[in-house]
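What follows is one structure encoded as structure tokens, with my remarks underneath.
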Amino acid sequence: MLESVVSLLALGAMGLAAFGLGRPIARRLGVPAEDALEVAVWSATIGAIAFGLALGLLGLVGAIWRPVVGIGTLAAAFWGAGQIVWERLSADRAARKPREIEFAWPGGGAGAGQGPPRWLARLVWALAGAACLGSLAGALAPPTSGEALAHHLELAKRFLAAGGFVDLPYHDGATGPLLVEMGYLWGLALEGPVAAQLVHWAWGTLFALATVVLARPILGKGWAWLAGGLVVLTPGVNHQMTAALDVAALAALATLALAAWWRATVGREDRRWFALAGLTGGAALGVTPVAVLFVLSTGAAWIGAAVRRHAPRRTLLEGAAIAMAVAVATAGPWYARAAWRGENPLPPTWDRMADVAADVTPVQGTAPAPPSARALLELPAAPWQVTMRPERFGGRADQLGVVYLAALPGLAFARRLRGLGMLLAVAGAYVLAWYLLARDVRSLLPIAGCLAVGVAWVAMESRRMAAAPRRMAAAVGVAILSVSAVVAMAHTREQWAVAAGVEPREQYLARREPSFAAASVTNLMAQGHWRLLSQDGRAFYFEPPVVCEPVFRRVAGYDRAVREPSDLSRVLRRAGFTHLVLVERLDGGAGFDPTFTQLAEADPTVREIAAFRAASSGLAARRYRLLQLGDVR
């Protein structure tokens, strides 16, 4: 239990530090001080972006040291706490009370203050709280996600150990945008892998609150909070919050960028909202290039706004220039670093990462094939296919869920609502771009906030229905959300014991993470000069440097230089490797590419020094073998 408390305290210190650094910037950019939620969300987000960029700058100059990170965090956290106390003491109660956003019902009717029924609001947030608690239990367990261990956390670990950015030519994505990895490096420097994993859980929570910020000017306070609860109950969002990935961070930043853009264009508020849109949009591009889908969809909505004159065209043009300039300044350093090194800044496709994370390591990672003409004709059926058959698009764990498919068709019978059309236009353009370019179901999660606003509006309009159908619709909606909450809790049932401190973290990893046993033995045997070439991409728990063999083979083509069996040791020794890690699935299913195993077993100079069987409750049982390369000159 003490370990979990320490991890949560580290996350709290990071949150306070982000708020302390971001609050002055948010104040300068004109975030309303009267709304406590907006102040907290915008300040924490801006501060997190600033810390990520600062750590990136330290990485460029080779000054990422634990004392520097720790002292900087403590100073910013104390400053953040002082900011909170100062604002509470200096502002009077009227100024500190969250302002009530006016909401006029279309066609007349009730005015501001018309919120959801009390029982509905309490039920949705009770279910959302249960789902959030379940994801917190998953995040408090030591990391076991294959993608996190092979990519996100591994990069953060390597940069922290080296004290800055180092050349990793055989690691996919090492020269791409690394804003979210800087957050994980921050957590590793303060406490360890659990604190790093909690960073992504915090991004998921921020995504829900960003949806509230997006929805409040459109729906009013009460229904906006309901929309935020729907985001937490989205199965894919809840699943992402349990692991150190990047989708929740992308979704939170994209939603806030859209909220700022809405305030500047539809709401016609201060032009400084364009700068906030550019800042968060650029940060989304600094998380992953997949954010270009959001940029394209928002650009399409901007063109529509210019054509329909939702705002003066001069204002739209100036705002686009401001947003673009700030976005380039925010995201540009990550891509400029890659260009300066002459490398491709784009990471491997999420399909390839998923293969590394699972039991299958492909010989060649390829992007999804472009949609055929027949597939384009099937585009209208995409919502049904993504909801009912998500395994065709990446898996059920990251799906949007049934509630959106069930409720959004009700928009056809709802009255028009000012500002909602733009959100739905962005979501529609995003789905089209996703279908043409990505077609990975978790790439759809950034539009969950827009869709949740639409669902909340349908729920508001359902109060105009007759009593019987309204109650039936409410019962179906409650049943769907209840199932989502139960699934979220059940998904992390194996993590509750370790999160509560009942089960030691090492014991949990021994039964849950197949690479942990191999890494523990290897770490005990390893000497300072060891360098491993492994079939398994899960390298985080290994202390010696590890290179993923499929990536090394794809980039270096070492297998073409092996003409005789004994050539393998000579070729790999010249490349700097000393040991090999072979992995074999024991259930007889499709496993790792056998090329590496065949080459290693054929070399008579390669000697096996350890072997262990790893059983995992999440993956098929594996057999790990540690081999030493022959000392061939």
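A few comments on the model shown:
- When peptides 171-179, 578-586 are ranked by their average number of other Cβ atoms within 10 Å per residue, the highest-first order is 171-179, 578-586.
- Spin-label proximity, residue 381 to the range 420-449 - amide N less than 19 Å from point 7 Å beyond Cα toward beta carbon: 432, 435-436, 439-441
- Contact order relative to length of the chain, as percent, for alpha carbon pairs under 8 angstrom and 6 or more apart: 15 percent
- Whole-percent carbon and sulfur share, accessible surface of the range 493-540, 1.4 Å: 58 percent
- Portion, in percent, of the accessible area of the range 420-481 that falls on carbon or sulfur, probe 1.4 Å: 72 percent
- Percentage, to the nearest whole number, of Cα pairs in the range 195-281 over 15 Å apart: 58 percent
- Phi-based couplings in Hz for the range 11-28 (Karplus 6.51, -1.76, 1.60; Gly and Pro marked x): 5, x, 5, 5, x, 5, 5, 5, 4, x, 6, x, 4, x, 5, 4, 5, 5
- Linear extension gain, residue 78 paired with residue 621, 0.36 nm per residue minus alpha-carbon span: 190.7 nm
- Spherically averaged projected area of the range 539-617 from its Cα convex hull (nm²): 6.3 nm²
- Accessible area, probe 1.4 Å, largest first, for residues 157, 221: 221, 157
- For the range 395-454, pairs of C-alpha atoms spaced more than 18 angstrom apart make up 36 percent of the total.
- Gyration tensor (alpha-carbon) shape descriptor, the chain, a/c threshold 1.5: prolate
- Convex hull volume of the Cα atoms of the range 165-225, normalised per residue: 115 Å³.
- Largest first, the residues 480, 71, 447, 84 sort by 1.4 Å accessible area into 71, 84, 480, 447.
- Tensor-based shape of the range 469-569 (alpha-carbon gyration tensor, a/c under 1.5 rounded, otherwise prolate or oblate): oblate
- Remark on the range 242-345: Rg and Dmax equal 14.4, 44 Å (Cα only).
- Solvent exposure of the range 439-581 amounts to 41 Å² per residue of accessible area, where only protein heavy atoms count and the probe is 1.4 Å.
- Full extension of the chain segment joining residue 507 with residue 28 gains 167.5 nm, where the gain is 0.36 nm per residue of separation less the Cα-Cα distance.
- For the pair the range 435-461 and the range 476-505, the centres of their Cα atoms are 23 angstrom apart.
- The helix-only estimate of mean residue ellipticity at 222 nm for the chain, built from DSSP H runs of length n ≥ 4 each weighted as -39500 (n - 2.57), is -19500 deg cm²/dmol after division by the residue total.
- Sorting 496, 334 by accessible area puts them as 496, 334; the probe is 1.4 Å, largest comes first, and only protein heavy atoms count.
- In Hz, Karplus ³J(HN,Hα) per residue of the range 45-56 (6.51, -1.76, 1.60; θ = phi - 60°; x = Gly, Pro): 5, 4, x, 5, 5, 5, 5, x, 5, 5, 5, x
The values are calculated or read from the model by the stated rules, or taken from the named source; none is laboratory data. As the structure is a computational prediction, the values presented were derived from the model and not from experiment. Reconstructed Cβ throughout: ideal geometry from the backbone, glycine too, with neighbour counts over all protein chains shown. Heavy atoms of the whole protein, side chains included, go into the accessibility calculation; ligands, DNA and RNA do not. Shrake-Rupley method; radii C 1.70, N 1.55, O 1.52, S 1.80 Å.
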